[in-house]
Amino acid sequence: MSQNPPELRPDLAPRARMPDSPRPDGQPTIGMVSLGCPKALVDSERILTRLRAEGYAISADYQGADAVVVNTCGFLDSAKAESLDAIGEALRENGKVIVTGCLGAEPDYITGAHPKVMAVTGPHQYEQVLDAVHAAVPAKPDPFIDLLPAAGIKLTPRHYSYLKISEGCNHKCKFCIIPDMRGRLVSRPAHAVLREAEKLVEAGVRELLVISQDTSAYGVDLKHATDRGHRAHITDLTRDLGQLGAWLRLHYVYPYPHVRDLIPLMAEGLALPYLDIPFQHAHPDTLKRMARPAAAAKTLDEIARWRADCPDITLRSTFIVGYPGETEAEFQTLLDWLDEAQLDRVGCFQYEDVKGARSNALPDHVPAEVKQERWERFMVKAQAISAAKLEAKVGRFLPVIVDGVDAEGATCRTQADAPEIDGNLFIDDGFEGLKAGDIVNVRVDEASEYDLWGQLVE
């Protein structure tokens, strides 16, 4: 059974695309392996930008680097295993390895498996990473070379960029340890976010993807203060960002009541009609055991209101099956809820105990075989809904953004699809004049469970 989307897990992110540019002889060179969620990818970009500003070159391979920074994920056991494998590979291929990221919050876990790593730092610890790099490979700045691009170093394609608006989270969901690793919510000033977005758009970015641990809570820690003419509130920020002329996509929006205020902005075209909202479950008892925010919200009523205000809105979400105490009746409630909600993009992963999470202590853990069986039933339901939703788009005319072009065709995305985690739209004919970043109109001709095919229109 394939997942929807194929790499939906929150511990996975787009593969980093390392810039490759000539460098002077003797210039110290650092490689980067970036794992984890898009928020970690933004952290990697910031680290590399600062290293570049200090005179370091960036290597796309292990052999060309004087040292390698591995940005890890430490949320689920499977992500930890992937991170340890990446560290081991970097050690074998290069030998000089500095570890950062969420798994860095467990240094003994890392050094127990790989005692030869040079340094371990935790998530969001930019200064400590730089100190470790300086110790391993001293900088040799060249004042005659412009080392810092206007928009910084990007590990994603030039035409889209993640825009992190805050760090940390104030919630205490029992299955999550992100607040323990990354701390409480710290929002960036709205004017700083807007300035970064402006620079990205000026550098050619056509799509901005807003990310955080809790996008809806943006500015709560700042008491939604106004600074330099910009208010730190998600609705104000969305309105400001929506005037830059790029596609604006909102990720990880918790289902608070004020989210309804974002929907008219989507209807106006200031933000894409796309809402990534982590419901996690549908049964109220399960949500209470999860200690989820807005657990008592009447989500079906909210969804109906959103669709009334913005009929073309795309809703995507992730869910957990097999949470401790989940009964067959609770799981069936989730399946029935999916039938009513008719979410466009849905993904699911099986509950795993995470070291340090309060959910570990809950009674009535669900056996592995039951979790697997429920996951399979969930995915059958989600796939059927997705297929029907996409089939309904056949014959429609839609704008798409081009992600890549090769000899066989153009790979694009509609406004309903985020990069790497949702579906694609493929153009097989008349694509020769297209390039990455183009936004064009297509007529949808064919649909599968997750993807679309279409033809260019004038």
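The numbers here are math on the coordinates, done by the rules we state, and not lab data. It should be emphasised that the depicted structure is a prediction, and the values quoted were computed from it without experimental measurement. Methodologically, a virtual Cβ is constructed for each residue, glycine included, from the backbone with ideal geometry; neighbour enumeration extends over all protein chains shown.
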Q. Amide H to amide H, which residues 5 or more places from G31 or on other chains are under 5 Å from it, using H placed in the peptide plane?
A. S59, D66, A67, V68, V69
Q) For K140 and E369 in one chain, what is 0.36 nm times their gap in residues minus the Cα-Cα distance, to one decimal in nm? A) 76.8 nm
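Once a ≥ b ≥ c are taken as the square roots of the eigenvalues of the Cα gyration tensor of region 61-213, is the result rounded (a/c under 1.5), prolate (a/b larger than b/c) or oblate (a/b not larger than b/c)?
Working: a/c = 1.93, a/b = 1.13, b/c = 1.71.
Since a/c reaches 1.5 but b/c is at least a/b, the shape of region 61-213 is classed as oblate.
Which of H171, H283 comes first, and how do the rest follow, when ranked by fewest Cβ neighbours within 10 Å?
Values: H171 16, H283 19.
Ascending Cβ contact count within 10 Å gives the list H171, H283.
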Q) Given the rule -39500 (n - 2.57) for each run of at least 4 DSSP H residues, summed and divided by the residues of the chain, what is its mean residue ellipticity at 222 nm, to the nearest 500 deg cm²/dmol? A) -9000 deg cm²/dmol
Q) For F397 and A267, what does the FRET efficiency come to when R0 = 22 Å and r is the distance between their Cβ atoms, rounded to the nearest 0.05? A) 0.75
Q.
Give the aspartates and glutamates reachable from K435 as a straight Cα distance under 14 Å; neighbours fewer than 8 places away on the same chain don't count.
A. D403, D406, E408
Q: List the lysines whose Cα lies under 28 Å from the Cα of K298, skipping any in the same chain that are fewer than 8 positions away.
A: K172, K174, K223, K288, K371, K381, K389
Q.
Between H258 and D180, what is the label-point separation in nm under the 7 Å Cα-to-beta-carbon projection?
A. 2.9 nm
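Charges at C-beta only: +1 for Lys and Arg, -1 for Asp and Glu. How large is the resulting dipole of the chain about its Cα centre, in Debye rounded to 20? All intermediate terms of the calculation are to be shown ahead of the outcome.
Values: 50 positive and 68 negative charges, 289 e Å.
Rounded to the nearest 20 debye, it is 1400 debye.
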Q: Treat each spin label as a single point 7 Å out from the Cα along the C-beta direction, and report the D336 to E376 distance in nm.
A: 2.4 nm
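In debye to the nearest 20, how big a dipole does region 397-456 give about its Cα centre with +1 on each Lys and Arg Cβ and -1 on each Asp and Glu Cβ?
Numbers: 3 positive and 14 negative charges, 61 e Å.
It comes to approximately 300 debye.
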Q: Set Lys and Arg Cβ to +1 and Asp and Glu Cβ to -1, take the dipole of the chain about its Cα centre, and tell me which of Q350, M379, C169 lies farthest positive.
A: C169
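How big is the dipole moment of region 29-136 about its Cα centre under a simple scheme where the beta carbon of each Lys and Arg is +1, that of each Asp and Glu is -1, and everything else is neutral? Debye, nearest 20, please.
Working: 8 positive and 14 negative charges, 29 e Å.
Once rounded to the nearest 20, the dipole reads 140 debye.
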(Q) Need the C-alpha centroid separation for region 161-187 versus region 265-288, integer Å. (A) 18 Å
Q: Please give the FRET efficiency for A387 paired with D429, using the beta carbon to beta carbon distance and R0 = 35 Å, rounded to the nearest 0.05.
A: 0.90
Q. [x] 192; [y] 258; [z] 153: which one is volume of the Cα convex hull per residue in Å³ as calculated from this entry?
A. [z]
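Can you put D43, D417, D364 in order of Cβ neighbours within 10 angstrom, beginning with the fewest?
In increasing order of surrounding Cβ atoms, one gets D364, D43, D417.
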**Q.** Inter-part distance where region 379-400 and region 43-106 are each reduced to a Cα centre, Å
**A.** 38 Å
